[in-house]
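This report refers to the structure that appears directly beneath it.
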Amino acid sequence: MRAAVFTELDGPLSVEEVKPYEPGPRDVVVRIIASGICHSDLSVMNGTLPMPPPGILGHEGAGVVEWVGEGVTRMSVGDRVIGSFIPVCGTCWYCKNNQSNLCEQTFMVSVPHADRADGTPLPAMTGLGTFAEQMTCHEMSLVKVETDLPDEQLALIGCGVTTGVGAALNTAQVEPGSIVVVIGCGGVGQAVIQGARIAGASRILAVDPVALKRDTAMKLGATETINPDDGDVATQVIMATGGRGADYVFEVIGNVDLILQAFMCTRPGGTTVAVGVPRTDTMVSIPSFPLVLQEKKLIGCVYGSAKVLRDFPRLIGLVESGKLDLSDMITKTIVLDDINEGFRAMKDGEVIRSVIVNS
């Protein structure tokens, strides 16, 4: 099969033939039809997220089951599935206590399932490796879905949509009538905006220096936009909110300075949600006075606090009912050979999401 192989930090991916391993018990072989290019993949490529090369990247994908191993119970050949970049083992403490997004198997599934031509093992990012024509993974990393939605939309549910919509609905639990600020309006940020809209926020302020992202945010539910190039964002937010700040502020880039900025945009008693993933060697510093005496809250968010076995079907229902727009989040579809161009377009702010579609 062909796959896009991560070979060096800050280098391009290499599209090449790789040799899959023989699948084992509870393994599932999936023909990948669509895979989104997510900023987290770039974070691996530049070293922000620790996964040394070589390996097969990609963690936001959808496809069709081609083979199931002994003991597989969640799906059958021919089923449509979405990859879950955090597995659901169903047996660990977190899965049993309604926090499957913190499953103890999360860092255990990124094992090799294929070799390069020279025999070098290739671990798969988050146990998936969707930048390929096919993937072999444990059944706990897949969710069976029943829908007629196109695969390129289903792929986005595997990461960006679940993370963003879930950040608003599950993590922050945005209340109707509230004021929301979203800092960073890429794929995940657009999903946060839609989640806040679905939750009934009265005002949603979208913050991004890129005009395309601000324009898309307005289309997907933002009520107004802020350009950081026009001045200090916290000052602009406080002025726009009667001097108080916003009820909920989401940082969706993964920059510790912007987490502080988000905290300063938050009103007393409000909630700051860190959604973007910063480098592992960085620290967040916030002033203690507003944390305590203004009772501001700073909380983290992983995978939108989602329970994917429940939330993937719910998100599909929102799309099917017209309440969640995934088509406008897809700027372009490309083929696997054009993956490096897809990353260039993302880095240059030309797209919300590029999706690789395999014929």
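The values are calculated or read from the model by the stated rules, or taken from the named source; none is laboratory data. Bear in mind the structure is a predicted one, so any value in this text is a computation, not a measurement. Note: ideal-geometry Cβ built from the backbone for every residue, glycine included; neighbour counts use all protein chains shown.
Given the criterion under 23 Å from residue 88 (Cα atoms) and either touching a helix residue (DSSP H, G or I) at 6+ places or on another chain (Cβ under 6 Å) or without any contact (Cβ under 8 Å) to a residue 40 or more places away in the chain (or both), identify the matching residue among 309, 315, 324.
Matching residue, one of 309, 315, 324: 315.
Scanning the range 274-328 for residues that are among the charged types (D, E, K, R) and touching a Pro at 6+ places or on another chain (Cβ under 8 Å), which turns out farthest from residue 352 (Cα to Cα)?
295
Of the residues that sit in the range 49-70 and are of a type outside the set (Asp, Glu), at pLDDT 95 or above and under 18 Å from the mean Cα position of the chain (by Cα), which one is farthest from residue 10 (Cα to Cα)?
Per the stated criteria, the residue is 63.
Among (1) out of contact with any Phe, Trp or Tyr (no Cβ under 9 Å at 6 or more places or on another chain); (2) of a type in the set (S, T, N, Q); (3) touching a residue at least 24 places away in the same chain (Cβ under 8 Å); (4) over 15 Å from residue 123 (Cβ atoms), which single condition is residue 97 missing?
Of (1) out of contact with any Phe, Trp or Tyr (no Cβ under 9 Å at 6 or more places or on another chain); (2) of a type in the set (S, T, N, Q); (3) touching a residue at least 24 places away in the same chain (Cβ under 8 Å); (4) over 15 Å from residue 123 (Cβ atoms), only one is false for residue 97: (3).
Take the range 11-58 and flag every residue that is in contact with a helix residue (DSSP H, G or I) (Cβ under 7 Å, 6 or more places away or on another chain) and more than 15 Å from residue 339 (Cβ to Cβ).
26, 28, 33, 49, 51
Residues checked against (1) in a loop (DSSP other than H, G, I, E, B); (2) in contact with a strand residue (DSSP E or B) (Cβ under 7 Å, 6 or more places away or on another chain); (3) under 19 Å from residue 33 (Cβ atoms):
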| position | (1), (2), (3) |
| --- | --- |
| 312 | no, yes, yes |
| 317 | no, no, no |
| 337 | no, yes, yes |
| 343 | no, no, no |
| 346 | no, yes, no |
| 349 | yes, no, no |
| 352 | yes, no, no |
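If you check 317, 221, 254, which single one turns out to be loosely packed, with under 14 Cβ neighbours inside 10 Å, not assigned by TED's automatic domain parsing to the domain that holds residue 140 and not charged (D, E, K, R)?
Matching residue, one of 317, 221, 254: 317.
Restricting to the range 89-124, count the residues that are closer than 21 Å to residue 166 by Cα and in contact with a Leu (Cβ under 6 Å, 6 or more places away or on another chain).
1
Check off (1) over 22 Å from residue 278 (Cα atoms); (2) modelled with pLDDT of 95 or more for residue 24 and give me the number that stays unchecked.
(2)
Just checking, which of 105, 173, 99, 134 is surrounded by fewer than 24 Cβ atoms within 10 Å (Cβ to Cβ) and touching a strand residue (DSSP E or B) at 6+ places or on another chain (Cβ under 6 Å)?
134
Looking at the range 173-184 only, could you name the residues that are part of a loop (DSSP other than H, G, I, E, B) and over 17 Å from residue 303 (Cα atoms)?
The answer is 175, 176, 177, 178.
With respect to residue 333, determine if the residue is among the hydroxyl-bearing types (Ser, Thr, Tyr), touching a residue at least 40 places away in the same chain (Cβ under 8 Å) and under 29 Å from residue 258 (Cα atoms).
The answer is no for residue 333.
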